[in-house]
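Asker: First, the structure itself, so that you have it in front of you.
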Amino acid sequence: MPFRDIAGHQRTLALLGGAASRGTLPPSLIFAGPEGIGKYTAAIALAQALNCERGRGIFGGDLPDAGQDACGACAACRRIARGVHADVLVLAPGESGSIKVDQVREAIDRSAYRPFEGRRRVVIVDGADALMPEAQNALLKTLEEPPPASVFVLVTACPDVLLPTVLSRCRRVRFGPLSPGDVAGVLMRGHGYTPADAHAAAAASDGSIGRALEGGTEDFADARDAAARMLQGVAASVDVRRRLDSARALAAGRASSDRAELTRRLLALSSLLRDVGVLLSRADHRGLANADLKPLLDSLLRSFDGARALRAFSAVDRALEALDRNASPKIVADWLAFQL
Ligand SMILES: [Zn+2]
């Protein structure tokens with residue numbers, strides 16, 4: 001997948017594409033950032049940009065670092081995408097969950113030769129935090145002085161478990177979480193989600209496509225419906241008992257015993273409250289995670305001022321932390337009911 005088709009990370013990708021075009025790319029890189037946001041996809045795009053036979057257009061538009069993007073269609077681009085290009089090696093954890101020294105030695109041996117079919121050899125270590133210490137030590141010399149025409153890309157969500165000696169030899173490229181709109185776009189374009197399902201899943205995804213795909217589409221949509229109903233109930237009622245009933249309904253059914261279900265509902269609640277905050281602050285509405293529920297959000301503005309929205313948002317945050325620490329879903333839900 002060329003840079004232009006990747007969701008988000010525009011500035012970072014332009015930087016990489018520009019450096020690849022100009023031949024100024026550092027030969028040892030770490031792509032660091034949360035799981036499921038496209039780091040590996042970016043590493044493949046970089047391999048394509050370095051080896052594409054045709055090149056197509058400039059990626060990054062008016063950004064100062066813009067550079068040539070891959071075409072995505074030539075033989076080299078297609079072979080890289082299919083994982084069968086002779087000069088693009090991917091190391092990943094095996095069944096043991098770790099990357100062993102033998103795998104690393106083989107990659108190093110292969111990278112000592114000139115590229116076989118392309119211009120640059122790219123060695124991608126996916127899940128680099130799974131490199132055994134011995135394997136990391138085997139990589140050290142190569143990371144310091146990679147063979148000419150070779151690029152090493154270590155992809156990881158936990159760079160800090162790598163040896164300091166490895167970290168110090170690599171240029172770190174940071175990838176941040178995606179915006180909810182970017183996540184929803186990928187779910188609709190690439191995974192056949194309806195707009196409502198895509199927005200519901202994206203809102204609870206913390207900016208990670210991987211995380212959005214973990215739950216079933218219905219789970220997220222149901223969780224967001226429950227959270228939206230609850231907020232409407234709490235907002236509409238001046239009667240304390242009714243409000244408590246509405247709030248407690250959030251933890252009804254499966255959510256009363258199922259930690260994962262209650263967590264999904266709380267994440268949806270948190271994202272709705274955040275959107276209320278965005279609307280109240282008159283910030284840019286393009287940042288709304290639940291833009292498809294704008295009428296509902298507008299109706300909530302009548303009952304939530306900034307202070308109440310913020311208080312509720314932090315209460316949900318604390319409830320999520322408590323669930324994370326193994327507190328009982330029922331107790332967490334009861335506590336939360338009094339905070340909204
Ligand atoms: Zn190409």
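Asker: Go through Arg248, Arg254, Arg274 for me and flag whichever is at pLDDT 85 or above, on the phi < 0 side of the Ramachandran plot and among the charged types (D, E, K, R).
Answerer: Just one listed residue meets the conditions, Arg274.
Asker: Additional query: For segment 78-105, how many residues are small (Gly, Ala, Ser), free of Cβ contacts under 8 Å to residues at least 40 places away in the same chain and within 16 Å of the ligand (Cβ to nearest atom)?
Answerer: 2
Asker: Does Gly57 satisfy the condition of being within 16 Å of the ligand (Cβ to nearest atom) and modelled with pLDDT of 90 or more?
Answerer: No.
Asker: Considering each of Arg174, Arg189, Arg169 in turn, give the residue that is under 22 Å from Ala130 (Cβ atoms), over 16 Å from the mean Cα position of the chain (by Cα) and of a type in the set (D, E, K, R).
Answerer: Arg169
Listed here are the residues, each with its yes/no results for (1) surrounded by fewer than 16 Cβ atoms within 10 Å (Cβ to Cβ); (2) in a helix (DSSP H, G or I); (3) in contact with a Gly (Cβ under 7 Å, 6 or more places away or on another chain).
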site	(1), (2), (3)
Ala289	no, no, no
Ser303	no, no, no
Ala307	yes, yes, no
Ala312	no, yes, no
Glu321	yes, yes, no
Asp334	yes, yes, no
Phe338	yes, yes, no
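Asker: Could you say which residue among Gly17, Gly33, Gly23 is modelled with pLDDT of 90 or more and out of contact with any Leu (no Cβ under 9 Å at 6 or more places or on another chain)?
Answerer: Exactly one residue qualifies, and that residue is Gly33.
Asker: Which of the residues belonging to segment 90-125 are of a type in the set (A, V, I, L, M) and within 18 Å of Cys170 (Cα to Cα)?
Answerer: Listed by number, the residues that qualify are Val90, Leu91, Val104, Ala107, Ile108, Val122, Val123, Ile124, Val125.
Asker: Please tell me if Asp292 is under 26 Å from Gly185 (Cα atoms) and under 20 Å from the mean Cα position of the chain (by Cα).
Answerer: no
Asker: I'm trying to understand the selection: among the residues of segment 61-77, which are on the phi > 0 side of the Ramachandran plot and either within 10 Å of the ligand (Cβ to nearest atom) or crowded, with 23+ Cβ neighbours inside 10 Å (or both)?
Answerer: Gly72
Asker: Take segment 212-264 and flag every residue that is more than 21 Å from the chain's Cα centre (by Cα), under 23 Å from Pro34 (Cβ atoms) and without any contact (Cβ under 8 Å) to a residue 12 or more places away in the chain.
Answerer: Selection gives nothing.
Asker: A further question on this structure: Identify, by number, the condition in (1) within 16 Å of the ligand (Cβ to nearest atom); (2) of a type in the set (Val, Ile, Thr); (3) out of contact with any Gly (no Cβ under 6 Å at 6 or more places or on another chain) that Ile6 doesn't meet.
Answerer: So the condition that Ile6 fails would be (3).
Asker: From the list Ala212, Ala251, Ala260, Ala255, which residue is outside any helix (DSSP H, G or I) and either farther than 23 Å from Asp298 by Cβ or not assigned by TED's automatic domain parsing to the domain that holds Lys330 (or both)?
Answerer: Selected residue: Ala251, the only one of Ala212, Ala251, Ala260, Ala255 that is outside any helix (DSSP H, G or I) and either farther than 23 Å from Asp298 by Cβ or not assigned by TED's automatic domain parsing to the domain that holds Lys330 (or both).
Asker: Now, a different point. Is at least one residue of segment 111-125 among the small types (Gly, Ala, Ser) and away from the ligand (no atom under 13 Å from the Cβ)?
Answerer: yes
Asker: Taking the conditions exactly as written (in contact (Cβ under 8 Å) with a residue 12 or more places away in the chain, buried (at least 20 other Cβ atoms within 10 Å of the Cβ) and assigned by TED's automatic domain parsing to the domain that holds Ala196), does Leu272 satisfy them or not?
Answerer: yes
Asker: So, in segment 102-119, exactly how many residues are touching a helix residue (DSSP H, G or I) at 6+ places or on another chain (Cβ under 8 Å) and more than 16 Å from Cys74 (Cβ to Cβ)?
Answerer: So the answer is 5.
Asker: Okay, moving on. Go through Arg56, Arg120, Arg105, Arg82 for me and flag whichever is under 20 Å from Ser28 (Cβ atoms) and surrounded by fewer than 19 Cβ atoms within 10 Å (Cβ to Cβ).
Answerer: Just one listed residue meets the conditions, Arg105.
Asker: Also, I was wondering about something else. How many residues are closer than 30 Å to Glu145 by Cα and surrounded by fewer than 20 Cβ atoms within 10 Å (Cβ to Cβ) if we restrict to segment 170-194?
Answerer: Total meeting the criteria: 5.
The values are calculated or read from the model by the stated rules, or taken from the named source; none is laboratory data. Treat the numbers as computed from the prediction; the structure is a model and nothing was measured. Methodologically, a virtual Cβ is constructed for each residue, glycine included, from the backbone with ideal geometry; neighbour enumeration extends over all protein chains shown.
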